[in-house]
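So the structure is just underneath, and the comments pick up after that.
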Amino acid sequence: MAEPTTDQTRQHSTGIRPLYFALLVGGVCLLFVLNLALGSVDIPIESIVQILLGGEVNDVAWQQIIINIRIPRAVTAILAGSALSVGGLQMQTLFRNPLAGPSVLGITAGASLGVAIVMLAAGTITSIFAIQQLSALGSWFIVIAASIGSAAVLLLILLISIKVRDNVTLLIIGLMVGNITIAMVSIWQYFSQPEQIQDYLIWTFGSLGGVPLNQLWILAVVALLGGGIALVLSKPLNGLLLGENYARSMGLSVMSTRIWIIVSTSLLAGGITAFCGPIGFVGIAVPHLTRSLLGTNDHRVLIPGTLLMGAILLLACDIIAQVPGSTTTLPISAVTSMIGSPVVIWVIIQRKNLQASF
């Protein structure tokens, strides 16, 4: 029996991708409903569907829990998972490094520094939740500070990458820059009063439940803007995979592409970090999972797939973090690290040579 040709394999892979995307969309919907149903109070799915369709249920408390608490939390999980995953995908392509990501390259630490400057400025602490409750302007202030911090670190890493071409060396430099940023925040905390740093420490644990319903649209605007830029950059990102010299020969402006990648990733990582705190490993693990599932490096396919896969992963992590049936809520960053690390190890073992994708 004749072996299938490369073209036949590619056609088969292309043919099953719509099925994979349908499964991903179905997974997001299923986990979204489960996220609304499970928690310290179990609510029947029938009642949830009725509430989502605009109906009323006998228990008014259920309706308040769903509308004011669980829907904002679930939507935040979708936005955060999608944004961090696409940010990680762009970083891996830009630096052609399979272990690049917002948390590893210090971009998340830079966003944390921006938030720390806001919260610990002038020797006093300002609660991030208090700032968000003031007005939309307060939330935008936090987002801008976090985005500037993440952009500054990313720009520094990008400038270093011009001189340093080795991916492993660049990864180590990124880790060191992140450590320097964290050290600056630690020194700032050391000279603050204990009560002044408590809110910041709680924020660093990560949480998807800190975005009020009336401020959710701000997070959505930032995530959609950053994600929209990433979608527009699909073809330029494909060009970068072929090498900068080849990309230039095809008429691609490499410098312009880099700048827009910085803008997109800064908005995605900075906005999510500002509202949810530092969330690690999502930006590293999800792009590799998506590549393995879809079997392609084409960013026109990878970016939508990564958006959906990131939403699925963080929705699942949030269900675990809420410890259904208990009043305990675990830090989301701890859960993503526990799940993300084995995923990365598994992908590395399965693919054996991650560098081949770059």
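See the values below:
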read-out	value
Check on HIS288, under 21 Å from PRO98 (Cα atoms), modelled with pLDDT of 90 or more and not small (Gly, Ala, Ser)	no
Filter result (part of a helix (DSSP H, G or I) and more than 17 Å from ILE65 (Cα to Cα)) within the stretch 197-214	ILE197, GLN198, ASP199, TYR200, LEU201, ILE202, TRP203, THR204
1 or more residues of a type in the set (A, V, I, L, M) and closer than 22 Å to LEU175 by Cα: qualifying helices (runs of 4 or more DSSP H) within the stretch 268-358	282-294, 332-351
Scope the stretch 36-62; condition of a type in the set (A, V, I, L, M, F, W, C) and touching a residue at least 40 places away in the same chain (Cβ under 8 Å); matching residues	LEU38
Some residue of the stretch 251-269 being within 25 Å of LEU34 (Cβ to Cβ), of a type in the set (Gly, Ala, Ser), at pLDDT below 80 and more than 21 Å from the chain's Cα centre (by Cα)	no
Residue in the stretch 18-26 that is part of a loop (DSSP other than H, G, I, E, B) and either under 30 Å from GLN215 (Cβ atoms) or at pLDDT 80 or above (or both) present	no
Criterion: under 24 Å from PHE21 (Cβ atoms) and out of contact with any Pro (no Cβ under 7 Å at 6 or more places or on another chain) - qualifying residue of ILE279, ILE284	ILE284
Flag for ALA316 being out of contact with any Gly (no Cβ under 8 Å at 6 or more places or on another chain), surrounded by fewer than 20 Cβ atoms within 10 Å (Cβ to Cβ) and modelled with pLDDT of 90 or more	yes
Search result, residues across the stretch 170-196 that are of a type outside the set (Ser, Thr, Tyr) and more than 26 Å from LEU154 (Cβ to Cβ)	PHE191, GLN193, PRO194, GLU195, GLN196
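The values are calculated or read from the model by the stated rules, or taken from the named source; none is laboratory data. Here the structure is a predicted model, which is why all the values come from computation and not from measurement. We place every Cβ from the backbone using ideal geometry, glycine too, and count neighbours over all the protein chains shown.
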